[in-house]
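Readers should treat all values here as calculations from the given coordinates under stated rules, not as data from a laboratory. No experiment lies behind these values; they were computed from the predicted model shown. Cβ sites come from the backbone with ideal geometry, for glycine too, and all protein chains shown count toward neighbours.
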Number of protein chains: 4
Amino acid sequence: MQKIKTAVVGASGYTGMELLRLLLMHPNAELTCVTSRQYAGQPLSSVFPRFSQMAGSEVAFTEPDAETIKASGAEIAFLALPHGVAAAYATALLELGVKVIDLSADFRLNDPDVYEEFYGAVHPAQELLKEAVYGMPELPQRSEAIAKARLIASPGCYPTSIILPLVPLLQNGLIDPQSIVTCSMSGVSGAGKSSNVLFSFCEANESVRAYSAPKHRHLSEIEQELSIAASEPVAMSFTPHLVPTHNGICTTTSAKLIGSPESIGKALEAAYADKEFVRLLGEGSTADTKNVTRTNFIDIGWAVDERTGRVLLFSAEDNLGKGAAGQAVQSFNLVAGLPTQAGLQNI
Amino acid sequence: MQKIKTAVVGASGYTGMELLRLLLMHPNAELTCVTSRQYAGQPLSSVFPRFSQMAGSEVAFTEPDAETIKASGAEIAFLALPHGVAAAYATALLELGVKVIDLSADFRLNDPDVYEEFYGAVHPAQELLKEAVYGMPELPQRSEAIAKARLIASPGCYPTSIILPLVPLLQNGLIDPQSIVTCSMSGVSGAGKSSNVLFSFCEANESVRAYSAPKHRHLSEIEQELSIAASEPVAMSFTPHLVPTHNGICTTTSAKLIGSPESIGKALEAAYADKEFVRLLGEGSTADTKNVTRTNFIDIGWAVDERTGRVLLFSAEDNLGKGAAGQAVQSFNLVAGLPTQAGLQNI
Amino acid sequence: MQKIKTAVVGASGYTGMELLRLLLMHPNAELTCVTSRQYAGQPLSSVFPRFSQMAGSEVAFTEPDAETIKASGAEIAFLALPHGVAAAYATALLELGVKVIDLSADFRLNDPDVYEEFYGAVHPAQELLKEAVYGMPELPQRSEAIAKARLIASPGCYPTSIILPLVPLLQNGLIDPQSIVTCSMSGVSGAGKSSNVLFSFCEANESVRAYSAPKHRHLSEIEQELSIAASEPVAMSFTPHLVPTHNGICTTTSAKLIGSPESIGKALEAAYADKEFVRLLGEGSTADTKNVTRTNFIDIGWAVDERTGRVLLFSAEDNLGKGAAGQAVQSFNLVAGLPTQAGLQNI
Amino acid sequence: MQKIKTAVVGASGYTGMELLRLLLMHPNAELTCVTSRQYAGQPLSSVFPRFSQMAGSEVAFTEPDAETIKASGAEIAFLALPHGVAAAYATALLELGVKVIDLSADFRLNDPDVYEEFYGAVHPAQELLKEAVYGMPELPQRSEAIAKARLIASPGCYPTSIILPLVPLLQNGLIDPQSIVTCSMSGVSGAGKSSNVLFSFCEANESVRAYSAPKHRHLSEIEQELSIAASEPVAMSFTPHLVPTHNGICTTTSAKLIGSPESIGKALEAAYADKEFVRLLGEGSTADTKNVTRTNFIDIGWAVDERTGRVLLFSAEDNLGKGAAGQAVQSFNLVAGLPTQAGLQNI
């Protein structure tokens, strides 16, 4: 079996680790380069003892450097770097002919002004913005665009869980676009591999709290994609919460129903019945993070509340899986012309 | 120090256990009778090893029987029984002259038809409904009513976390009463001491999910109290979630802002600045369950979202504490003429 | 690629679920029959929503019945049944020509009297005891025996973590066989998918305790294999503990050192350097369950305590993986003539 | 009621926080001074939101300075400082006439050479070593010594759980002093309020591992007290483990039995039947951390293993409670002439 040579740039955090996990198990991928300033020179297996003795885990970390990545033979590079940092690597790698799947926020927004508003800095590589494709393959016409792209902006964890259930309803005019209220609950890995005492076991366990409301950074990409679907600017209320699980995001969205109660299920079925990684749970079913952790699935249920005239959308995904690394590998499969489910059939 | 003689009826679950914990530590309470069909004849300390060697823990469980409770000398009885069952005990105890603080839903609703709608049965003791006082002492004029009552309907866990932040805003006309959307996250003890495999460690850990939406039973008492505050019928969207903590409820409520951004803080301060168990965290602060577990505090923060014209209310309480047993002891202190904080200064 | 047809008998518990997970991902296995009295008639994906939309998950549960299993075409059947029950199925399946990998305790003990002593019942199929092979492939000459066997007794979760580190030391006379003291800590899934309130989230979380000491049932197979290695009857002190994790066993064993400090590492290296699923961490390193969960690895570290003249052995495995389902699939690969790591390269 | 003025020096960690919690609830204590370099100038309630609105929580953190502490009127100071740092404060405070209860390791060892061996530095205040009393009130004649002391060396968390069950057996010659093997499991708060990523939620949850074996620092004080009880030098095997709970220590000790099986229970009863904070669970019972968290209790059970001729001792305590702050308050009550259980009747 032919294997696509890949690199993971910035592989020391949780998203990077999940990418490594997926690529080490991927039947059509070969890790030729793994970078980390912090761990340069150390073998993968000593930094991540979990991966020790796995085929492919003999690779050693190198300094992040576009030339080195190219020299390793990598055809496609995953960037698991902080926003602001990723753009420079993307630029350099694309110039060297290496395709880029960027998991940072640097190329997710079409409008550099929105980037500046939400990320507090001038966009570092505006000339690439037009070219970048927001890598959520289940969106309309998106998988074709991803397959042809050189630069994929792989979506954030919250956006996936919010955008996918809403897009078919907005596209079909079934809900009021200005009535959307969302609460999401994320596992602690969403905060990254952090030495911040706030995310220590003793502080995060037996703790549930909202944070970053009302203007979390991910809101920018969420509203961008919802606006496209609604064909009008959408502003929504979004409150993320931190809950004591390792991974998983559970999202509940409420919106004013315009269509009939049955229209919700029909629109979701029409959009996703043939999508490998979307599982529709049916009306009246809620989604449980425990069924999606360490997979690339997103589970979606819904309920109509006749008392308030609102519809409730329930979704669950792994913030590191479908919300980050899994979705990036999904784009990788598209870019590399591999079967959709290659390397993503892990449960 | 004089001690009020008390009974706990149905003391084998988590709410009952928390009541026992609070009463064993209460300087002005004496447990004269503790009932449990399941544990009748066993000493408290063998059923709850945690309480062993505490002063007062020598008492043995008896069968739940109004005459026995009265004979023990109890002046005030706490009912930690299932709804439908509590009403009969309340009736019998009141006839014998024992005051009742009922932690079930039996006397929380003013309207028996709403009870029937939400609990699926004819109300078992309608003649007592008028007399019962909904025991949330921080509501306007409520503590005086509680002090004089024979029968207190102690509120449910979700309602407290939702009603307290909203009432001052509704009373002052600062939000649109028909725009309220609430998500709550509860620890697993909210499901009771259950042998249901759904609440086993392996099923509940690393699991986050919505449930009982859109029409959770507690919605009935929430909307009742909000309607009183708003002086109009309120229907709201409420989605409870289960998260892997032992106890604690975190609630996020979103509503259309009518008043000025500053009016929110002012109304909350006016209502709660002098309330011992309400802690206002200020604008921009969220509430964390870890600060309120095993206390009788409710923490409240808020934020104004100018983009959507909505206000966000963040609250946290212990579902077993301020959301159940603590609030019941608060009513007990009022009924018994004790200092507000007696037995509730535990952190 | 040719696929071996397999059945899982008694697939509703955690071990069964892990077997299903491994077999659904196994490139050379096909699930033709999955049985459960409780779930008969239901599709796999409705009982285990996690597996929904996975290739192979369309199979439906059937009643456990040897003829049905045979009729499905299964060549090899895994039994994830309670001890005492498994023996009858093994007998019937072997008669029908279906090879059996039994994960219960029924065929682990060579001596039916020891079975009776530890399991409190006459052994249900003594004639098969001689034929059964204790399926721990890393033991000397064991993988060859497994490859030729019709009936594999797949080891328990605690035994694997205790036996593997000790056998090379006992075989080489490096420790005093009568001085062994072991403490193990198991995740709650070790108790099975249980409705016992003891294993509910609220009772098991924030709880650590010993149980079943000093004579846990698994002690019988542990001492059997240690006695073979030591060429003398071994009696040891073993205390299992329950800790609040989903899965994983961490074992610490202490024994009087007879050999030199260096001899420990040498013996372990000689025994396991070429074993795919044993990872030697080196002297001074302890083993962490988080590195082995959901894998078939066992990690082993050690330390010499010169102050007491004892050696400490540290091991970690997944109680459901190398301690149950993973090890059973390892035997399956041997019996089916597949590569050692087939279907077990999941991390 | 008269209140003893107290200071807590170094109150920003988990032990300090638990001391504050206990002292804020203590009917006979008043916090006049709370120090923390990190938080100097901030009110207690802003650093620890949990304590907000508690009577006594208005006190503000000051720089740690002996004169300031004295000037606050404090009669007794608790030191929750790192070892090596505590000694200087103890010296200065004692000179100013303030009695000291030191929770660090600085005064726990009678022999400065042992201190140097285990803590890697010359003892910083050897002249005070003779005067210091190892503050474990349940040891023979210890409570009288504590009551008269100016300087209490309050024991470590592991030692309490190991020493208390063993001392009566060693004193009565019921076990072989050279055969002791102990495994302990501690909650993550034992590692302190740490920004080390090792103790982050994502690294510590679903993780169980041994550490610091075979020569944990606490071994020095454990062996000191066991040697006194045995009237001979004792060397033992001790392996601590980290488990994913907030607090609690579970300890299992195995030793060769010399006395009769019944002698174990008799010796423990004779030693502890009248001790308020020791709960003997009886033969065959194990101890569960969930029954002792946030209390000052230590629970002790035991079992005799006739197969190996060993006795097993099971103990559980809160590492922050009886293993640290609770035990220190117990000494405080003795020094201040207060009732034994004052401020320690919290469950």
*Got a sec? How would B:Y272, C:Y89 order by Cβ neighbour count within 10 Å, fewest to most?*
B:Y272, C:Y89
*Just tell me which aspartates and glutamates come within less than 13 Å, Cα to Cα, of C:K5; anything on the same chain fewer than 8 places away is out.*
C:E30, C:E75
_Folded to 0 to 90 degrees: helix C:219-230 orientation relative to chain C principal axis, Cα_ = 60
*So how tilted is helix A:14-25 from the main axis of chain A? Cα-based, degrees 0 to 90, rounded to 10.*
70
_For chain D, with +1 on Lys and Arg beta carbons and -1 on Asp and Glu, the positive-most of D:I162, D:P124, D:P177 along the dipole_ = D:I162
*Treat every Asp and Glu Cβ in the range A:169-233 as -1 and every Lys and Arg Cβ as +1, leave all other atoms uncharged, and give the resulting dipole magnitude about the Cα centre to the nearest 20 debye.*
260
*Using modelled amide H (1.01 Å from N, peptide plane; none on Pro or chain starts), what sits under 5 Å from the amide H of C:A342, excluding residues fewer than 5 places away?*
none
*Starting from the range D:272-327, pick out the GluC sites (Glu not before Pro) whose DSSP state is loop and whose Cβ has at most 13 other Cβ atoms within 10 Å.*
D:E306
*Mind listing the phi-derived Karplus ³J(HN,Hα) values for the range C:253-267, rounded to whole Hz, using 6.51, -1.76 and 1.60 with θ = phi - 60°, and x for any glycine or proline?*
10, 10, 8, 5, 7, 9, x, 6, x, 6, 4, 4, x, 4, 5
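Averaged over peptide B:232-243, how many Cβ atoms belonging to another chain are found within 10 Å of each residue's Cβ?
Per-residue shielding by partner chains comes out at 5.
If the viscosity is 0.692 mPa s and the temperature 37 °C, what Stokes-Einstein diffusion coefficient in µm²/s follows for the protein assembly as shown when Rh is the Kirkwood radius over Cα pairs?
The calculation lands on 99 µm²/s.
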*Cross-link pairs beyond the 31 Å C-alpha cut-off, checked among A:K70/C:K275; C:K193/D:K193; A:K290/C:K99; A:K3/A:K322*: A:K70/C:K275; C:K193/D:K193; A:K290/C:K99
*Starting from 0 in steps of 20 Å, tell me what percent of the Cα-Cα pairs of chain D lands in each bin.*
32, 59, 9, 0
*Can you give the mean number of other chain Cβ atoms that lie within 10 Å of the Cβ atoms in peptide A:289-295?*
5
*Could you list the GluC sites (Glu not before Pro) in the range D:99-132 that lie in coil according to DSSP, counting only those with at most 13 other Cβ atoms within 10 Å of their Cβ?*
D:E131
*How many Cβ atoms of partner chains, on average, are near each residue of B:301-314 if near means within 10 Å of its Cβ?*
4
*Could you pull the Cα extents of the range C:1-122 along its three principal axes, largest to smallest, in whole Å?*
47, 27, 23
*asked:* From the C-alpha coordinates alone, can you work out the Kirkwood hydrodynamic radius of the range C:157-319, in Å?
replied: 16.1
*If we hang a label 7 Å off Cα along the beta carbon direction at C:L198, how far is it from the matching labels on the other copies, in nm, shortest first?*
2.5, 3.4, 4.1
*Report, in whole Å, the centroid distance computed from the Cα atoms of the range D:322-347 and the range B:247-280.*
39
_For the range C:310-327, Karplus couplings with θ = phi - 60° (6.51, -1.76, 1.60), whole Hz, Gly/Pro x_ = 10, 10, 10, 10, 10, 9, 9, 8, 8, 4, 8, x, 4, x, 7, 5, x, 5
*Take the alpha carbon atoms of the range B:140-194, find their center, do the same for the range C:1-59, and report the distance between the two centers in whole angstrom.*
46
*asked:* Going by average Cβ density within 10 Å per residue, which order do the peptides B:329-338, A:141-150 take, highest to lowest?
replied: B:329-338, A:141-150
*Please determine, in degrees from 0 to 90 and to the nearest 10, the orientation of helix C:157-171 with respect to the longest principal axis defined by the Cα atoms of chain C, where the helix direction is its Cα long axis.*
40
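How large is the helix-only mean residue ellipticity at 222 nm for the protein assembly as shown, computed as the sum of -39500 (n - 2.57) over DSSP H runs with n ≥ 4, divided by its residue count, in deg cm²/dmol to the nearest 500?
Numbers: 46 runs with 410 residues, N = 1388.
After summing the helix terms and dividing by residue count, I get -8500 deg cm²/dmol.
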_Give me A:H241, A:H218 sorted ascending by neighbouring Cβ count inside 10 Å, so fewest comes first._
A:H218, A:H241
*Label 7 Å beyond Cα on the Cβ vector: D:E127 copy-to-copy distances, nm*: 7.5, 8.4, 8.8
*asked:* Could you list C:I180, C:I249, C:I347 so that the one with the fewest beta carbons within 10 Å of its beta carbon is first and the one with the most is last?
replied: C:I347, C:I180, C:I249
